[in-house]
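Asker: Quick one: the structure is below, and I'll ask about it shortly.
The values are calculated or read from the model by the stated rules, or taken from the named source; none is laboratory data. These numbers come from a predicted model, not from an experiment. Cβ sites come from the backbone with ideal geometry, for glycine too, and all protein chains shown count toward neighbours. SASA here: full protein model, heavy atoms, side chains in, ligands and nucleic acids out. Shrake-Rupley method; radii C 1.70, N 1.55, O 1.52, S 1.80 Å.
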Amino acid sequence: MEKAEIINWLKETESSKQETLWREADIVRKNSVGDAVHLRGLIEASNICSRRCRYCGINADQGSNIPRYRMTYDEMIDCAQLAMDYNYGSIVVQAGEDPGLTTELIERFIKWVKDHTSLAITLSLGERDEDEFVRWHNAGADRYLLRFETSNQRLYENIHPPLKCQKHVNRFDILKQLKDIGYETGSGVMVGIPGQSHEILANDILSFKELGLHMIGIGPYIPHPQTSLGKGENLICISNKEQVPNSQEMTCTVLALTRINCPETNLPSTTALSTLSNEGREQGLKCGGNVIMPNLTPLKYRKLYEIYPAKSCIKEDAQEFHNQIKKRIESIGRTVGKGRGDSVKFLSCH
Ligand code: 5AD
C-alpha cells in the first residue's frame, strides 16, 4: 500500500468500513500463514531496568517504588519445563534492561533448553552488545524481539530520555544486525502514544515492511499513572484531530494494515490489546493475528512486572489460562499451532 492509502485507513472512523479492512486482513492471514495460532510461553525474567522509558511502569526512574526481582536460573528452567508440559512450541524470555542477566547466565539457560527440550527460544532483553547477540545465537537462541516503538526520531527522543554515558544507538541498526546474525527478528510499536500522528504511524507500518521483519508486536499504549508520560508531563503538542487514539478499534486497524502489508509475518494478538476488553485476544486474532503469548511467569513476580496498569494476565494462573486458550482459539474457527511456529517469511529465505 502507498502511504496515503494507509493514512486514509488509519483515519477511517466508520465501523462498517473498518470491519471491511479487518475482514480483508483475515483473508490475507488465512492465505499466507493459515489458521494455526502459535502459543509462546512468556517468561518475565527480571523487572530490573536501567532505562528511563517514559511510558513504562518498571523504568529506572521508579527506583524502589516497586520491589525489584530477578528470576534465578532454576526458576527460569521451571518455566521452560511448564512450556513443554503445555505443549507450547516456544518460549519468550523478556526482561527490563538488566545487566544482572549476564551473558553467561542467559547462555547457560539457552543451552539447557536446547539440550533438554524442542522449544524455540526468543529473547527480548533490550539493547545488548553485538558480541552477546552472537554468543546467544551460537548457544541456540532462535529469535530476538526489540520494538522500535516509533519510527519518528523526535517522538522517540521525547519518550526515551537519554542515560548518562549511553552510547548513541539506533534501534533500526540493531534490528539489521540481529537479522544478519541469523535471528528471526521481531519489532513493533505502541498505538496511541501521546504525540503519535496518523502519518507517523503510517511510517511505522512502512518501516515494518522495509525492515522485512519476521515478527511484529503491536499493542495499544496504556497510560501508567506512575510514569511521567502517564501523568501528562512534557507532551509533544499535536491537535486532538492529529493524535492517534489508543483504542481497541485503532489497534485492530493497525494489526490489519500490518498483516496486509507484511502477509507472511508472525503477528501476536497482544496482552495489551486483551487488557482493553475481554474479547481483545479474539479480536486481535480476527484482524490479522496468528500468535498468542500465554504468561508463564510465577504469580508472585507477575504483579511486579506491571509495565502498564491492569495487565489482563496479572492474576491469570498459567494452568487456568492454558485450560481455556484452546477452547477460545477453536471457538473462532482456528486451531492451536503445532511445533515451533517459525515465521513463514523467515523459512522462505533460509
Ligand atoms: N502501554 C503499552 N505498552 C507498553 N509497553 C511498555 N509500556 C507500555 C505501556 N504503558 C510495551 C513496549 C515494550 C513492550 C515490552 O511493552 O512497547 O517494548
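Asker: Need a quick list: helices (runs of 4 or more DSSP H) entirely within the range 246-350 having at least 3 residues that are touching a residue at least 60 places away in the same chain (Cβ under 8 Å).
Answerer: On the way: elements: 248-261, 271-276, 280-286, 299-302, 318-331, 344-349.
Per the criteria, 248-261, 318-331, 344-349.
So that you can scan it fast, the table gives a plain yes or no per residue for (1) part of a strand (DSSP E or B); (2) within 16 Å of the ligand (Cβ to nearest atom):
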| position | (1), (2) |
| --- | --- |
| C79 | no, no |
| A83 | no, no |
| Q94 | yes, yes |
| E97 | no, yes |
| L105 | no, no |
| F109 | no, no |
| D115 | no, no |
| I121 | yes, no |
| E132 | no, no |
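Asker: Say whether the condition of being open to solvent by 30 Å² or more (accessible area, probe 1.4 Å), of a type in the set (S, T, N, Q) and within 16 Å of the ligand (Cβ to nearest atom) is met by at least one residue in the range 187-196.
Answerer: First pass over the range 187-196, keeping only residues open to solvent by 30 Å² or more (accessible area, probe 1.4 Å): none.
Scanning the range 187-196, I find no residue that is open to solvent by 30 Å² or more (accessible area, probe 1.4 Å), of a type in the set (S, T, N, Q) and within 16 Å of the ligand (Cβ to nearest atom), so the answer is no.
Asker: Just one of the numbered conditions (1) within 27 Å of N246 (Cβ to Cβ); (2) surrounded by fewer than 18 Cβ atoms within 10 Å (Cβ to Cβ) is not true of N152; which one?
Answerer: For N152, the exception is condition (2).
Asker: Return the total of residues in the range 134-148 being of a type in the set (A, V, I, L, M, F, W, C), open to solvent by 20 Å² or more (accessible area, probe 1.4 Å) and either within 12 Å of the ligand (Cβ to nearest atom) or closer than 21 Å to N234 by Cβ (or both).
Answerer: 1
Asker: Could you identify the single residue in T20, T13 that is surrounded by fewer than 17 Cβ atoms within 10 Å (Cβ to Cβ), more than 16 Å from the ligand (Cβ to nearest atom) and not in a helix (DSSP H, G or I)?
Answerer: Working: T20 fails: not in a helix (DSSP H, G or I).
Exactly one of T20, T13 is surrounded by fewer than 17 Cβ atoms within 10 Å (Cβ to Cβ), more than 16 Å from the ligand (Cβ to nearest atom) and not in a helix (DSSP H, G or I), namely T13.
Asker: Please name all residue pairs, on different chains or six or more residues apart, with Cβ atoms under 8 Å, provided the first residue is in the range 223-238 and is closer than 24 Å to Y305 by Cβ and aliphatic (A, V, I, L, M) and the second residue is open to solvent by less than 30 Å² (accessible area, probe 1.4 Å) and within 12 Å of the ligand (Cβ to nearest atom).
Answerer: L229/R54; L229/Y55; L229/I159; L229/I193; L229/P194
Asker: Please work out which one of (1) polar (S, T, N, Q); (2) at pLDDT below 95; (3) in contact with a helix residue (DSSP H, G or I) (Cβ under 8 Å, 6 or more places away or on another chain) is the condition Q177 fails and give its number.
Answerer: Here Q177 clears every test but (2).
Asker: Answer yes or no: is there a residue in the range 252-275 that is open to solvent by 40 Å² or more (accessible area, probe 1.4 Å) and either within 16 Å of the ligand (Cβ to nearest atom) or of a type in the set (S, T, Y) (or both).
Answerer: There is no residue in the range 252-275 that is open to solvent by 40 Å² or more (accessible area, probe 1.4 Å) and either within 16 Å of the ligand (Cβ to nearest atom) or of a type in the set (S, T, Y) (or both).
Asker: Right, another one. Tell me the residue from N203, N234 that is over 18 Å from the mean Cα position of the chain (by Cα), over 30 Å from H137 (Cβ atoms) and away from the ligand (no atom under 14 Å from the Cβ), please.
Answerer: Within the list N203, N234, the selection yields N234.
Asker: Right, something else. Look at S151 and say whether it is among the polar types (S, T, N, Q), within 16 Å of the ligand (Cβ to nearest atom) and either under 27 Å from G57 (Cα atoms) or touching a residue at least 24 places away in the same chain (Cβ under 8 Å) (or both).
Answerer: yes
Residue by residue, here is whether (1) of a type in the set (A, V, I, L, M); (2) buried (at least 23 other Cβ atoms within 10 Å of the Cβ); (3) at pLDDT 95 or above holds:
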residue	(1), (2), (3)
F172	no, no, yes
L213	yes, yes, yes
L229	yes, no, yes
N246	no, no, yes
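Asker: What number of residues within the range 33-77 are touching a Cys at 6+ places or on another chain (Cβ under 6 Å) and either in a loop (DSSP other than H, G, I, E, B) or open to solvent by less than 30 Å² (accessible area, probe 1.4 Å) (or both)?
Answerer: First, the residues of the range 33-77 that are touching a Cys at 6+ places or on another chain (Cβ under 6 Å): 43, 58-60.
Subset that is either in a loop (DSSP other than H, G, I, E, B) or open to solvent by less than 30 Å² (accessible area, probe 1.4 Å) (or both): 43, 58-59.
So the count comes out to 3.
Asker: Which of the residues spanning the range 26-67 are touching a strand residue (DSSP E or B) at 6+ places or on another chain (Cβ under 8 Å), more than 22 Å from K164 (Cα to Cα) and not β-branched (V, I, T)?
Answerer: If the condition is that a residue be touching a strand residue (DSSP E or B) at 6+ places or on another chain (Cβ under 8 Å), more than 22 Å from K164 (Cα to Cα) and not β-branched (V, I, T), then D35, A36, H38, L39, R40, G41, L42, E44, A45, S46 are the ones that fit.
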